[in-house]
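S.K.: Pasting a structure below so you can have a look.
None of the figures in this text is laboratory data; all of them are computed from the coordinates on show. Nothing here was measured: the structure is a model prediction, and the numbers come from that model. When we count neighbours, we look across all protein chains shown, and the Cβ atoms used for this are built from the backbone with ideal geometry, even at glycine.
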């Protein structure tokens, strides 16, 4: 365990006003005055949190190269978010351009108790929600033919909803205005926006109307 990680662990329980100064001054994190981090471990080379963004308590974020939260974006409690920095050369040599990053657009949210593997980039678009509990996003897998680790980004568009217990595998792409049913598995790019997708693997169920309240809201939170 390196000194940097030990230092990040040591400051977790300090008052927020003190932690914020340490994160900015010692670790170079860019945190807006109205952004906030609860009692959580946040280990990333580059951190940017815009106005109103937040990370709840008891979330663990480890080994990321980039963590970006747009305005009023949020990561809730009890999430486990981990990466594999590109400087680690034991695996993924065939992916020299990969980046271990998690990016949330304005008003996007990862709610609570989710597992997020950021071996490669995960982009979550504006106003999209990783809802419920126990969903998994996994950007790496084993290529059994070649017997090696592989990875690919996961992209989630704007105004999407990912239901509880869903699994998004490497290479998954969710178009804008899509609803993913609870327990569904997405293992490839989906082909059309504004649809409900569900099942194992996820398939088209029915189109959705973009005029629904969820799709036209101006605040990320749903009251």
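S.K.: Can you bin every Cα-Cα distance in the stretch 156-215 into 5 Å intervals starting at zero and give me the percent of pairs per bin, rounded to whole numbers?
M.R.: Reading the bins upward from 0: 5, 22, 33, 27, 9, 2, 0.
S.K.: Here is a further query. Quick one: grab the alpha carbon gyration tensor of the stretch 121-223, order the square roots of its eigenvalues as a ≥ b ≥ c, and give me rounded if a/c is under 1.5, else prolate or oblate depending on whether a/b is larger than b/c.
M.R.: prolate
S.K.: Follow-up question, since we're still on this one. When only Cα pairs under 8 Å and 6 or more residues apart are kept, what is the percent relative contact order across the stretch 96-223?
M.R.: With pairs under 8 Å counted, the relative contact order is 18 percent.
S.K.: Before anything else, pin down the relative contact order of the chain: Cα pairs under 8 Å, at least 6 apart, normalised by residue count, whole percent.
M.R.: Relative contact order, the chain: 11 percent.
S.K.: Determine the distance separating the Cα centre of the stretch 1-57 from the Cα centre of the stretch 84-156; give it in Å without decimals.
M.R.: 21 Å
S.K.: Still on this model: What three numbers, in Å, describe the spread of the alpha carbons of the stretch 55-94 along their principal axes, ordered from the longest?
M.R.: Principal extents (largest minus smallest coordinate, Cα): 36, 21, 12 Å.
S.K.: Picking from 89, 210, 188, which is most flexible by a Gaussian network model of the chain using Cα springs under 10 Å?
M.R.: Of 89, 210, 188, the most mobile in the Gaussian network model is 89.
S.K.: Can you show me the helix-derived [θ] at 222 nm for the chain, built from DSSP H runs with n ≥ 4 at -39,500 (n - 2.57) apiece and divided by the number of residues, rounded to the nearest 500.
M.R.: Computed mean residue ellipticity for the chain: -3000 deg cm²/dmol.
S.K.: Can you give the three extents of the C-alpha atoms in the stretch 9-92 along their principal axes, from longest to shortest, in whole Å?
M.R.: Between the extreme Cα coordinates on each principal axis of the stretch 9-92 lie 39, 25, 22 Å.
S.K.: For a footprinting-style exposure proxy, rank 170, 99 by other Cβ within 10 Å, fewest first.
M.R.: Listing 170, 99 from fewest to most nearby Cβ atoms yields 99, 170.
S.K.: If neighbour count is taken as other Cβ atoms inside 10 Å, put 127, 84 in order from fewest to most.
M.R.: Result, fewest neighbours first: 84, 127.
S.K.: Within 10 Å of each residue's Cβ, count the other Cβ atoms and sort 205, 31, 18 from fewest upward.
M.R.: 18, 205, 31
S.K.: In nanometres, what is the gap between the two model label sites at residue 16 and residue 200, each 7 Å from Cα along Cα-to-Cβ?
M.R.: 4.0 nm
S.K.: Which shape class, rounded, prolate or oblate, goes with the chain when its Cα gyration tensor gives a ≥ b ≥ c as root eigenvalues, a/c under 1.5 marks rounded, and past that a/b bigger than b/c marks prolate?
M.R.: Taking the square roots of the gyration eigenvalues as a ≥ b ≥ c, the chain is oblate.
S.K.: Order the peptides 69-79, 51-61 from the highest to the lowest mean number of other Cβ atoms within 10 Å of their residues.
M.R.: 69-79, 51-61
S.K.: Can you pull the one-decimal nm distance between simple spin-label points at residue 4 and residue 147, each 7 Å off the Cα toward Cβ?
M.R.: 3.4 nm
S.K.: Between residue 211 and residue 191, how high is the FRET efficiency from 1/(1 + (r/R0)^6) when r is the Cβ-Cβ distance and R₀ = 25 Å? Nearest 0.05.
M.R.: Calculated transfer efficiency: 0.65.
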